[in-house]
Amino acid sequence: MWNVPLFPDRASSLAARVDVLFFVWLALATLVALAVAVLIVFFSIKYRRGSSANRATAPEAVRARRDRRIELAWIFVPLSLFFVMFAWAAELYYEHAAPPGDAIDVYVVGKQWMWKLEHAGGQREIDELHVPAGRPIRLVMTSEDVIHDFFMPVFRIKQDVLPGRYTILWFNATKAGDYHVFCSQYCGTDHSRMIGHVVVMAPAAFEAWLARGNGAQTMATRGAERFRQYGCSGCHGANASVHAPKLEGLFGKPVQLEGGGTVTADERYIHDSVMLPKKEVVAGYAPIMPSFQGQIAEEDLLDIVEYIKSLHDAREGTVR
C-alpha cells in the first residue's frame, strides 16, 4: 500500500491555525456552492415548462416587503461573514509578518538551483537547514539570479525570494524531524530539483551541532574583512577623513533622510545603501557614495550586514 497522506504534517506553531482557517473557508465556500446548486436544481424542476406550480403575481406591497428582506439578507449576511473571515485572516497574517525579537537569524541565498544558508555563527549549509525546536527562527532571504520561493509545507509558510531585495520569513518549529523545503516559483530548467531539507533538532542537539562548526569564522568577522576589502573602511572607518554617516549603533535605529522623513536602519536599508546609495540619502551628507551593484556577491553583502549589526554604540537616538 502506498502511504500518501491526505494533508501535510503540522510541525510549527502556525500550522494548526492556518489549517483551521483553511478548513473554515473551505466549509463556508462548500456550503454556499451547495446551497446555490440545490436552489438552481429545485427552481429548475419546480418552475419547469408545463409544471403545475402557482406563478400568480403577489400584491405589490407584499412583494416589496419580501424583496427588501431578501435584498437586505443577501447584502448583510455574506458581508458579515466575509468581514469576520477577513479579520481572522488579517490577524493571522500580521502575526506571521512580525518575527519575535528573540528570533535566531539565518541568512538564505537562492541560486539556480540550490539554497545556500548561513548562520550568524558562520556555519554554512547547502540545501539543508538545522534549527532547534521551540525557538523562533527568522530567515533573511535574497536571490542571486531570478525569483525563487522558499516553501516549507509542514510549517505552512512560503515567501518569494527576490534578486536585489531582502524578504523575511519566520517560524517556530514544534516537532523534531526532517522536512522538505521546496522552491514553489518556476525558476528555470532544474526548478523541480531545487529541493532542500530543514532538520528540526532538540535544543541540546542543536547546540552540539553548532559547536561542531565553531572552527568557522562568524559572519560578523568575515563581514569585517569584506568591509575592508571593498574599501568601506576608507569612508566609514574610525580614522576616515571623509565625512560619512557613522555605522556604530546604526542597526535598528531611525535614520533622518535628506528632504525629510525617516527610515529604520534594517537589513533592507543597509542593502540599499550599498547597492542603491542615492535612493535614501542621510540628512546632512552629500550623495557621494558609489554604487557597488554587481561588484559584491550576495553572501559577502550579508556578511557586511551582520558586521554592521554587530557594531555597538553607547549613544541612543536618531542616527545622523
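For (1) modelled with pLDDT under 90; (2) among the hydroxyl-bearing types (S, T, Y); (3) more than 18 Å from W115 (Cβ to Cβ); (4) outside the structural domain of H119 (by TED's automatic domain parsing), each residue gets a yes or a no:
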{"residue": "D178", "(1), (2), (3), (4)": "no, no, no, no"}
{"residue": "C187", "(1), (2), (3), (4)": "no, no, no, no"}
{"residue": "H191", "(1), (2), (3), (4)": "no, no, no, no"}
{"residue": "M194", "(1), (2), (3), (4)": "no, no, no, no"}
{"residue": "V200", "(1), (2), (3), (4)": "no, no, no, no"}
{"residue": "P203", "(1), (2), (3), (4)": "no, no, yes, no"}
{"residue": "F206", "(1), (2), (3), (4)": "no, no, yes, no"}
{"residue": "G231", "(1), (2), (3), (4)": "yes, no, yes, yes"}
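Taking the conditions exactly as written (among the β-branched types (V, I, T), farther than 24 Å from I195 by Cβ and either at pLDDT 95 or above or surrounded by fewer than 19 Cβ atoms within 10 Å (Cβ to Cβ) (or both)), does I126 satisfy them or not?
Spelling it out, it is not the case that I126 is among the β-branched types (V, I, T), farther than 24 Å from I195 by Cβ and either at pLDDT 95 or above or surrounded by fewer than 19 Cβ atoms within 10 Å (Cβ to Cβ) (or both).
Taking the stretch 139-164 as the search range and keeping residues that are of a type in the set (V, I, T) and under 15 Å from the mean Cα position of the chain (by Cα), which one is surrounded by the most Cβ atoms within 10 Å (Cβ to Cβ)?
V161
If a residue must be of a type outside the set (K, R) and without any contact (Cβ under 8 Å) to a residue 12 or more places away in the chain, how many such residues does the stretch 260-286 contain?
Qualifying residue count for the region: 3.
The values are calculated or read from the model by the stated rules, or taken from the named source; none is laboratory data. All values reported here derive from a predicted model rather than from experimental measurement. Counting neighbours? That spans all protein chains shown, and the Cβs are built from the backbone with ideal geometry, glycine included.
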